[in-house]
1. Could you say which residue among Gln261, Gln245 is over 30 Å from Asp450 (Cβ atoms) and open to solvent by less than 50 Å² (accessible area, probe 1.4 Å)?
2. Give the stretch 41-59 a look and list any residue that's free of Cβ contacts under 8 Å to residues at least 40 places away in the same chain and open to solvent by less than 70 Å² (accessible area, probe 1.4 Å), or say none.
3. Among (1) more than 10 Å from the ligand (Cβ to nearest atom); (2) in a helix (DSSP H, G or I), where does Cys259 come up short?
4. Checking Arg618 against (1) out of contact with any strand residue (DSSP E or B) (no Cβ under 6 Å at 6 or more places or on another chain); (2) part of a loop (DSSP other than H, G, I, E, B), which test does it fail?
5. Quick one: what pairs do we get from the stretch 118-134, first residue farther than 15 Å from Ala609 by Cα and among the hydroxyl-bearing types (Ser, Thr, Tyr), second within 14 Å of the ligand (Cβ to nearest atom) and open to solvent by 20 Å² or more (accessible area, probe 1.4 Å), C-beta under 6 Å, 6+ apart or different chains?
6. Kindly state which helices (runs of 4 or more DSSP H) lie completely within the stretch 496-607 and contain at least 1 residues that are more than 27 Å from the chain's Cα centre (by Cα).
7. Counting just the residues of the stretch 91-134 that are within 10 Å of the ligand (Cβ to nearest atom) and among the β-branched types (Val, Ile, Thr), which one comes out nearest to Phe196 (Cα to Cα)?
8. Among the listed residues Glu4, Glu10, Glu14, which satisfies the condition of being over 30 Å from Gln244 (Cβ atoms) and out of contact with any His (no Cβ under 8 Å at 6 or more places or on another chain)?
Amino acid sequence: MSVEVQARCEVLRELLHAHNHAYHTLDAPTISDSEYDRLFQELLSLESRYPTLKTDDSPTQRIGAPPLKGFKQVQHERPMLSLDNAFNAQDISEFDKRVSERLQVEEVIYCAEPKIDGVAISLLYEQGRFVRAATRGDGLMGEDVTANVKTIDAVPLILQGSDYPVRLEVRGEIYLSKAVFESLNAGLIAAGEKPFANPRNAAAGSLRQLDSRLTAKRRLTMFAYSVGLVEGGGIADQHWDVMQQLKTWGFRINADIACVQGPAACQAYFERMAERRAELSYDIDGVVFKVNGLSEQQTLGLLTRTPRWAIAGKFPAAQGTTRVLEVVYQVGRTGAVTPVAKLQPVAVGGVTISNATLHNFDEIDRLGLQLGDTVVIERAGDVIPKVVRVVQTARDSAARPIEPPQVCPSCGSPLERREAAVVLRCLQGFICPAQQKERIRHFVSRLAMDIDGLGTKVVEQLLEAGVINNPADLFSVTVDELLTLERFAEKSANKLVASIAASKSTTLNRFIYALGIPEVGEATALALANHFGSLEGLMAADETALTEIPDVGPVVATALEAFFREPLNRQLLQQFQDLGVHWPVEVPLIAHELPLADQVWVITGTFSAFGRSELKDRLTALGAKVSGSISKKTSVLAAGEAAGSKLAKAEALRVEVMNEQTLIAMLEEME
Ligand code: IVH
């Protein structure tokens, strides 16, 4: 490989970074899409010919990486706080009064910003390079979603300019625009999958994919709204100016950020944004007021989980008025029958709503709802739209009462009322086609066995034709059987059989999740797989053993035990294994057996092979605790270049010191 090739790669990377920035951050593209694609393809082909030239921050790396087993936990360098809420003008003016009194000033200057309804994120940059992204989690510990965040075009992989601090943490909100959300949902519905309830859920779900290649397809974007850690360099002293700095470094900053002075101006901003809410291309659930001066922020300080220097002015939930055309009944995977109101489609906060959940019959009684009624519906935060109230004055003579169904809308068997007489339930289990269908749909879905080309329609056809009766039957479906079904031709049938066969090679956590055991979601399935390492281990566990797992409470444990005790389920599991469904055997993760268990490490100085946070993650993954200061309890000090007082202290306390070279050798051996 020649020096020219290497130089060309560097030029291409720089060009592509600059064009990305112009397109995604500045909204001002400088070249055509086709020219961009040409440069991108050139870099891609050079990198695939000479893999050693590929860098972690190359624009080609935004396509995602192979799936992770789970997300690592990371400790935030500075806690990620939440905000206190103001629901009306009085709350805002009381907040302002507290602030101005404490600061002893007449009128406080605030930075006012839209409150984006997405997912909070922390991005860490070292020497201008993106090294880590973490979710907020509980504010102290979050999840490492670096691979996923790398796929988001609005997140710079390399900062622009040169006046940024050596270590810089940028915080912001990752979200999906309303338009992208609607097209994502349309695609999910067409594929027979469950749509997301709102853009926020869709963004959170996309960000927490273990396979970042899926995240890459979701067109997430981000607004930066503050900085956290700043080391080795300065930052402006007014929040507004910090935002401008972030912009010059390549971050997307909301165009509606404004400086306002005094409570009346805050209120005016709140009202202006509330009016503009529907026309914005993304969801907001309020506005945020932040004291503009950073030293004033310091003076004001923090309460336990919220700062005294900021408040969220929350909008009332978006509401709309429409008519109930019909009530349909959905039979869920576990037989619960849920009434759903079919509505005259209506736009609420920029999203079209045509269904609202009615939860159960007590709710219908409480609302006094009849068919044909005009209702107020609400789309709040992260819940499915719901009916808030009936507009009684708009009821006409055509309104008719809603009668609870006596029999299951799917299998016709009588329904039971259990659970304090609230939930209507069909007890037929696998005999009921709706439950059968729901369980199979769940089994093949993206986060479960992920079988391509097996949408709801096909599942229905297979069930109706009697080709399958349970999820395991899928693995013996033949091309000939598919050809007897409508809409299948040689090519599509072969393709489906191939993708069913490919799905046989899976992971234990996906398989557990795919079984659709009540109460066992994706995260619990992962915790179970990590803990037991094998299906046999899980099946043999009793309730006591199960509740020892951090994610598993008594309700989940009971559900698991009941599932594995049922002979039909055991038979089904045997059938899966006989038909060749398999997963790699995992060694259960036992914390105290990790090589660095019980050791306390401290990191100091700079390393050439990795950033400090990467080193911290790698040591933590090996079982070590990483602490910020040297004491007698410290086991080892990892000392890079230019180590200062910590090195001196370690030597004084006779703590073992390891240099970069020894450290690399140790990591290579242990990992
Ligand atoms: S400032 C202490 N600014 O709202 C300051 N937050 O509870 C904390 N959010 O989940 C955040 N837009 O992710 C800030 N312009 C904005 C925001 C914003 C959305 C989210 C944030 C957090 C929640 C605050």
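1. Values: Gln261 fails: open to solvent by less than 50 Å² (accessible area, probe 1.4 Å).
It is Gln245.
2. Glu42, Leu43, Leu44, Ser45, Glu47
3. (2)
4. (2) is the only condition that Arg618 fails.
5. Ser122/Arg171
6. 535-540, 543-547, 554-565, 567-578
7. Val119
8. Checking each option against the conditions leaves just Glu4.
The values are calculated or read from the model by the stated rules, or taken from the named source; none is laboratory data. As the structure is a computational prediction, the values presented were derived from the model and not from experiment. Cβ sites come from the backbone with ideal geometry, for glycine too, and all protein chains shown count toward neighbours. Heavy atoms of the whole protein, side chains included, go into the accessibility calculation; ligands, DNA and RNA do not. Shrake-Rupley method; radii C 1.70, N 1.55, O 1.52, S 1.80 Å.
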